[in-house]
Structures are given as C-alpha cells and as structure tokens.
Amino acid sequence: MNTSDIIVIGGGATGAGIALDAALRGLSVTLFEQNDFGEGTSSRSTKLVHGGVRYLEAAIKHLDIEQWKLVREGLRERRSFLRNAPHLAHPIELITPLYHWYELPYVYAGLFLYDQISGRASLGRSRLLRASTALKRNRAINPDGLKGAVSYFDGAFNDARMVIALLQSAEEVGAHVHNHHAVTRLLKDATGKLTGVEVHDTLTDTVYQHHAVAVINATGPFTDTIRRMDDQACPPLVETSSGIHIVLPGRFLPAPTGLMIPKTSDGRLLFVLPWQGHCLVGTTDHPAPLSKHPEVTDDEIDFLLDHLNRYFALEAARDDVLTTFSGLRPLITSESQHSTATLVRESEYRFSPSGLLTVAGGKWTSYRAMAEKTLDLLLEAHPTLTPTQTCTTLHHKVVGSREPREAVFERLTVHPQFAPLAEYLYNHYGDRAEQIAEYAETEADLQPLLPETSVTRAEIRYTIHHEYVRKPLDFLVRRSGLGLTDRKRAQDLLTDVIQIMAEELSWSAATRKTMENEANKRLLSSI
Ligand SMILES: Cc1cc2nc3c(=O)[nH]c(=O)nc-3n(C[C@H](O)[C@H](O)[C@H](O)COP(=O)(O)OP(=O)(O)OC[C@H]3O[C@@H](n4cnc5c(N)ncnc54)[C@H](O)[C@@H]3O)c2cc1C
C-alpha cells in the first residue's frame, strides 16, 4: 500500500517548502501536483524577494506591531533565501524616481531607518540620487519634472527554478514528489478522519489511493476546491486576484537596475525589472475567476503599456511585447475588506474537523517561514508523528548551490562548448550544470539549438532525467524559462523538444501528437 507520514497537495512555493521542511525533519512525505511543479502562481510572480520595506511605513505611522513583525520577517527570510539559493537569487538595485520635492526627505528617512534595522540582512545601502545621477543610472526614467530618486536593494530570483530546486532538495532527503498527479478525492475513515487521498495520474490516466497520517492542503488559488472536497459547505477562505506581467526586449532596460513606482495614480505598485536579459513589467491586480491557466486580456496589456509609458521614458508598443503571463494571487478573504487591492497578503493556517491542514495566502518571500509554521502546527496536532530533527531550513542550501559560483564557472569554462553558455547554465543549474555534459551524445548536443538562445539537446535530456520534465512546456516554460521571456522562441523550439522527449520517454505516435497539440494550444493562448 502507498503510505507516508504526510501528503502535501500542491507543488508550488508553499507545497515545495513544506515537503523540504518535512523531509529534513525526518518525516516521510509525498507531494502531488496536478500540473507541472510551479505551473500555478509560483512561476508567474514579479520574482522579487521582498525585505519587508513596504510594511515599514504602516509600522511607523500606526505604531503597528504586526506590520513591524512583517518587516523583521521579510528581512530574515530574504537573507536566508539569497544565502540558500545563490545561483537562483541575487540582490537587485531598485530606483524610485521622485517628482515632488517633499517626497525626497520622507522616502529617504524611511529607507535610512530600514537600513539601520536591516543590520546583517542589508543587501546594500539606500541612497538619495540627484536627478542627473538617476538619469545616468537608468535612462528609462522619465526626466520631465524629475526632482531626484532613491535607490535601495532587494532580492530578485528565478521563481520557476526555485520550485524545482526545493523539490530536488526534498527528494534528496527522502521525499517523493509527483507532477501531473491530481488529487481528486479525500479519503476518510468511519469516524470522518482523513486517511489519505485519491490521485489521478494524468500522464498514464490511472487512479490510485495514497494513505497518510496527515494531509496538507497547499494549493494556493485552489485552496477552497480542496477544502470543499473535505466539507462541501465550508465558507471560502481565499479569493483570487490576477496579476499580469509583460516581457519586453532587453533594450528597454539597458541597465542592471530595476525601477519601481510605489503608487501609480490608481494606487498600484509598478515594477520594471531586468530579467533573463529581458525587461519584465508588472503588475495588475483585478479580481479574477479560478483557472489553471489564467488568460491575459488585451485590456490588461494595454493597461500596463499605458502605465509604463506614462511613468517611464520607454515608449513601448504592442508589437514589442514578447510574452505575457498571468498569475492568481491566493488572497485571504476578509469580510470587512472588499477590494482585493486592499487585502493584506497574509498567510492563514486552518485545521478542519477531519484533520485537513490548509495553509493559504502568504508570498514567495515567506514560503520557508510558512512551511516551518505549518509543520510546527501539524506536529503539535499529531503526536504520533516523530520527527528526528527540528526545522533546519533557515540554513539549508538547496540543490545546485553547494559550491561557490567561482568554482563552478572555472570548471564550466574549461569545456569549449560550455564557455559561452556558462552564465545561463550556472544561473539555471548552479553546481549541477556540468552534469548536462553527460547527456551529450555528440559535440552538436552542446550547441544551442537556436541562435540567441542557450538551450541545447543535452540540457533537454538532462531535465527529463533529473528535473521531472514530462510535457514539452515543463521544459520550455519552467525549466529553461524561454516561454516566460519570449514565446516565439519557445514555439520555434517545440519540434526539437518533442523529438527529444519522444526518444527519451519512448512516446507512442499518439502520445506525441497529444503532447504537440496541447503545447501548441498553450503557446497560442495562456501559458
Ligand atoms: C502577479 C503576482 C506577482 C507576485 N509577485 C511576488 C513577488 O515578487 N514576491 C513574492 O514574494 N511573492 C509574489 N507573489 C506571491 C507569490 O507568487 C505567491 O504567494 C506564491 O507563489 C503562492 O504559492 P502557492 O504554492 O501557495 O500557490 P501555487 O503556486 O499556485 O501552487 C499551488 C499548486 O497547487 C496545485 N493544485 C491545485 N489543486 C490541486 C489538486 N487537486 N491536486 C494536486 N495539485 C493541485 C496547483 O496546480 C498549483 O501548482 C506574486 C503573486 C502574483 C499573482
């Protein structure tokens, strides 16, 4: 019989973080993800590890201790995030242009205080910039009426790859993780207590049961779908709000610094960030229905372009957009607040009478702290579960980050074929990058398949065997990241990817056709 101590439903940031924490504590854990790992919200974020600066204003203005705790937690988690996944996360300088004189001392005083609190968690000193200096640093800033700017540091990371690194790290210490396995039913005993789940393996179209002492619901926007499998009448815990991003060619942001407008005229946060050699712009915030692949509407794209051109000297047009993606924020509902823009992004932990533990809300930055809290609550409720350790994730380096960058680079550049790809390979695979060479049957397998991309045949094979790639877009969108930066390029590579996958996974002609149709459909609509 299939059994584990713990079943985790959902393979996004939250579920992956929980699986790693549980496995490190010596518990047996099995995770099921209905699509690909990270295919939900966790690959569609703005890719920032927030140090909690946004909570500082409320903490000071309202002397709010809860907001203050969020600042401290943000700083601690950001430090741990960057230290434990240095190949996937790095500091980024963000510049906020200021157009009113009165803003300069106010914003600077806030950031000065933030620097003081940050201590060892600081990623660099915040600075006040003259208008002329700010324009030199980033020529996308709109010069009209510019009075000055502030620069501060935060973290940036590769969200889709971080999910994989967390799951590989969990697997390394005994966890079992399955993508394309949907939980379709919760199993209960005669007293109504949860005993496990029914799972649909959508690749083989088989259904089976898996039993466990405890089941954790970490399904983000789908939180209430699972809760309703448990109790049809339960009131909603989560409401969804969509946030879209557009990606432009790198020439739109020719500096390594990002730009941030803390409050547009309609009250939203706007980021323009350098990302994978491209320019990432986001985001929006609109109530949206639940969907596995939320659509990006023309209106949303126009909205972002309009804001972009209004606040920056960029002049981007529709034709410049290389790709778009939308993610659903799993926001905790609050009866007293009705606009999703005003809901506090907090996490929530709930046990149902059957024993289902639901963890919802939060943000990528706090995935580790959320996992720690979830496991602590679960173990308190299940004395029969006997961990061998307390939580160790604060200092646990994820797979790919065990060797320093310099050492990996030195070895990568020894391979004549790898040398031009070293940056891409290190930033995606860290110290595992060299293993890709083992999947080269000929020299040509280490050559990029398309000009101006870094994807090689050997890399595709490697990810099939080591990174759970089961469908073409698992590789094209989330392992290589190509679909998230330039959809046309991903389309151009589809035939090669399918060919390699068919060989490696012994696909029948029918499977090959199904995979091709599905990938084409996704690439033409929402990824
Ligand atoms: C536009 C946007 C920008 C953001 N930017 C940032 C940012 O810059 N920094 C930051 O810290 N946070 C950011 N966030 C928040 C962050 O992305 C989310 O809080 C986080 O990714 C949520 O992770 P999750 O695992 O809870 O949800 P998800 O990533 O959605 O994972 C849940 C998973 O559960 C799976 N699932 C559902 N039902 C089942 C089932 N029946 N069986 C098996 N699996 C199932 C889903 O397929 C999904 O993959 C952003 C969010 C959005 C929307």
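Rule-based calculations on the coordinates, nothing more; no lab input. The model shown is predicted, which means the values in this text are computed figures rather than measured ones. Heads up, the Cβs are rebuilt from the backbone with ideal geometry, glycines too, and the neighbour counts pull from every protein chain shown.
Sorted from greatest to least, the principal axis extents spanned by the alpha carbons of segment 135-206 come out as 70, 29, 25 Å.
For residue 109, what is the net charge nearby, where nearby means another residue's Cβ is under 14 Å from its Cβ and Lys, Arg count +1, Asp, Glu -1? Residues close to residue 109 contribute a combined charge of -1. Packing order of peptides 360-371, 409-420, highest average first: 360-371, 409-420 (average count of other Cβ atoms within 10 Å over each peptide's residues).
Semi-axes of the equivalent ellipsoid of the chain are 35, 30, 22 Å, computed as sqrt(5λ) over the eigenvalues of the C-alpha gyration tensor in descending order. Each residue of segment 511-525 is assigned a 3J(HN,Hα), and the resulting list reads 4, 4, 5, 4, 4, 5, 4, 5, 5, 4, 4, 5, 5, 8, 10 Hz, derived from the Karplus form 6.51 cos²θ - 1.76 cosθ + 1.60 (θ = phi - 60°), x at Gly and Pro. The local environment of residue 2, defined by Cβ-Cβ distances under 14 Å, has a net charge of -3 under the rule Lys, Arg +1 and Asp, Glu -1.
Farthest towards the positive end of the charge dipole of the chain, among the residues 314, 200, 286, is the Cα of 314, using unit charges on the Cβ of Lys, Arg, Asp and Glu.
Projected area of segment 405-524, taken from the Cα convex hull and averaged over every viewing direction, in nm²? All intermediate terms of the calculation are to be shown ahead of the outcome.
Values: hull surface 27.9 nm².
If I average the Cα hull's projected area over directions, I get 7.0 nm².
Alpha carbon centre of segment 351-404 versus segment 78-92: separation in Å? Segment 351-404 and segment 78-92 have Cα centres separated by 19 Å. Per-residue ellipticity at 222 nm, computed for the chain from helices alone with -39500 (n - 2.57) per DSSP H run of at least four residues, works out to -10500 deg cm²/dmol. Close amide H pairs (under 5 Å, H built 1.01 Å from N) link residue 196 with 187, 212, residues at least 5 positions away or on another chain. In order along segment 77-92, phi translates into HN-Hα couplings of 5, 4, 4, 5, 4, 5, 6, 8, 9, x, 7, 10, 9, 8, x, 9 Hz, rounded to whole numbers, per the Karplus curve 6.51 cos²θ - 1.76 cosθ + 1.60 with θ = phi - 60° and x for Gly and Pro. Net charge dipole, segment 1-117: roughly 240 debye, given to the nearest 20, about the Cα centre with Cβ charges of +1 for Lys and Arg and -1 for Asp and Glu.
The alpha carbon centroids of segment 179-238 and segment 467-527 are separated by 28 Å. Name the long-range amide H neighbours of residue 399: under 5 Å, sequence gap of 5 or more, or other chain; modelled H, no Pro or chain starts. Sorted by chain and number, the residues that satisfy this are 169.
Shown in residue order for segment 484-495 are the 3J(HN,Hα) couplings computed by the Karplus curve 6.51 cos²θ - 1.76 cosθ + 1.60 at θ = phi - 60°: 8, 10, 8, 5, 4, 4, 4, 4, 4, 8, 4, 4 Hz (x for Gly and Pro). Counting Lys and Arg as +1 and Asp and Glu as -1 over every other residue whose Cβ lies under 12 Å from the Cβ of residue 317, the net charge comes to -4.
Looking at segment 18-106, which chymotrypsin sites (Phe, Trp or Tyr not before Pro) are in a loop (DSSP not H, G, I, E or B) and have at most 11 other Cβ atoms within 10 Å? Write out the running numbers ahead of the final one.
Details: sites: 32, 37, 55, 68, 81, 99, 101, 102, 106; in loops: 37, 99, 101, 102.
Here the sparse-neighbourhood loop sites are 101, 102.
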